[in-house]
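Take a look at the structure below.
The values are calculated or read from the model by the stated rules, or taken from the named source; none is laboratory data. Keep in mind it's a predicted model, so treat the numbers as computed, not measured. Because the Cβ atoms are built from the backbone with ideal geometry, glycine has one as well, and the counts that use them run over all protein chains shown. We work out accessible area using only protein heavy atoms, side chains counted, and drop any ligands, DNA or RNA first. Shrake-Rupley method; radii C 1.70, N 1.55, O 1.52, S 1.80 Å.
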Amino acid sequence: MLEIEDLSVSVENKEILHHVNMKIKTGETHVLFGPNGAGKSTLLSAIMGFPKYRIAGGRIIFNDQDITHIPMDGRARLGIGMSFQRPPVIRGVKTYDMVEACLTGHGDRGSVAQLAAKADLSDFLDRDINYGFSGGEVKRSELMQLLAQRPELVLLDEPESGVDLVNISLIGKLINELLEQDCLIRNRKCMGLIITHTGYILDYVNAHTGYVMCDGMIGCEGDPHEMLATIKEK
Ligand code: ADP
Ligand code: MG
């Protein structure tokens, strides 16, 4: 379970998140809505442990362990993984090597080639990470790396942004697999927190709870489909 308790986060001495509370149980997927600049990506970055995002108050508990002050690599080892809203290009590192590194010690997750085929990226493995990739290719590559890493807590920052409709269905499938959507909730070993602007992703994952974030605070919490309908209408 992930428990975020009264979390406040500052970036460059400015407090961005104020007293955020959230609880995600194993097996559940929660979605985060909210306008640009609300602090959604900041929340994911703070959970992942980016040093730039300073915890100004509160705690993050993951599987009963206080991870508030554990560095990012430690959190990754504990089973937290993230796909970025705008992932960087990494010159000099081949996509193959990144996926292979994520797979190390976990042969049961399939080979690099199998994962690439699944993400329709077989021809991209010898290219530098994200170098010259289209919007959809970047997002699929992020999900391919996560499928190799298989984190227990999956953080997805706008997985469908900049992606066309054909790609969205493939991305939906990959997210489904990552979040074990075909298993009963009680049999799942992972949980997810997904930021979405468009809500398209709700057609593919069975989201349990939704939140609207505004000005660094959680404004409301409830049924994600109802929430999306209200957001669209208002
Ligand atoms: P959202 O993902 O909801 O669009 P963000 O979390 O990206 O919002 O940003 C929230 C606020 O925090 C914005 O005002 C943004 O400019 C600021 N912010 C986020 N990251 C940084 C950073 N690394 N440096 C400076 N300001 C930042
Ligand atoms: Mg964002």
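For this structure, a couple of remarks:
- Within the stretch 46-68, the residues that satisfy the criterion of being within 10 Å of ligand 1 (Cβ to nearest atom) and either in a helix (DSSP H, G or I) or in contact with a Ser or Thr (Cβ under 8 Å, 6 or more places away or on another chain) (or both) are A46, K52, Y53.
- Residue under evaluation D164, criteria (1) touching a residue at least 24 places away in the same chain (Cβ under 8 Å); (2) within 18 Å of the chain's Cα centre (by Cα), criterion not met: (2)
- Flag if C220 is free of Cβ contacts under 8 Å to residues at least 24 places away in the same chain and within 16 Å of ligand 1 (Cβ to nearest atom): yes
- Single unsatisfied condition, I67 versus (1) within 17 Å of the chain's Cα centre (by Cα); (2) surrounded by 15 or more Cβ atoms within 10 Å (Cβ to Cβ): (1)
- Residue in the stretch 9-40 that is surrounded by the fewest Cβ atoms within 10 Å (Cβ to Cβ), counting only those that are within 13 Å of ligand 2 (Cβ to nearest atom) and not in a strand (DSSP E or B): N36
- Across the stretch 89-105, the qualifying residues are those that are open to solvent by 70 Å² or more (accessible area, probe 1.4 Å) and of a type outside the set (G, A, S), and the one among them that is nearest to D157 (Cα to Cα) is V89.
- Residues (over 18 Å from P224 (Cβ atoms) and surrounded by 17 or more Cβ atoms within 10 Å (Cβ to Cβ)) located in the stretch 154-177: V163, N167, L170, L174
- Strands (runs of 3 or more DSSP E) within the stretch 132-221 that include 1 or more residues among the acidic types (D, E) and within 23 Å of L103 (Cβ to Cβ): 153-157
- Among the residues making up the stretch 118-139, those that are more than 19 Å from the chain's Cα centre (by Cα) and closer than 17 Å to K94 by Cβ are L121, S122, D123, F124, L125, D126, R127, D128, Y131, G132, F133.
- Residue in the stretch 201-209 that is closer than 19 Å to E137 by Cβ and in contact with a helix residue (DSSP H, G or I) (Cβ under 9 Å, 6 or more places away or on another chain) present: yes
- Count - residues of the stretch 199-217 that are surrounded by 14 or more Cβ atoms within 10 Å (Cβ to Cβ), within 16 Å of ligand 1 (Cβ to nearest atom) and modelled with pLDDT of 95 or more: 7
- Selection status of L43, in contact (Cβ under 8 Å) with a residue 12 or more places away in the chain, assigned to a strand (DSSP E or B) and within 16 Å of ligand 2 (Cβ to nearest atom): no
- Candidates in the stretch 188-198 are the residues that are touching a residue at least 40 places away in the same chain (Cβ under 8 Å) and of a type outside the set (D, E, K, R); of these, the one that is surrounded by the fewest Cβ atoms within 10 Å (Cβ to Cβ) is H197.
- Only one of the listed residues (S141, S83) is in contact with a helix residue (DSSP H, G or I) (Cβ under 8 Å, 6 or more places away or on another chain), of a type in the set (S, T, N, Q) and free of Cβ contacts under 8 Å to residues at least 60 places away in the same chain. That residue is S141.
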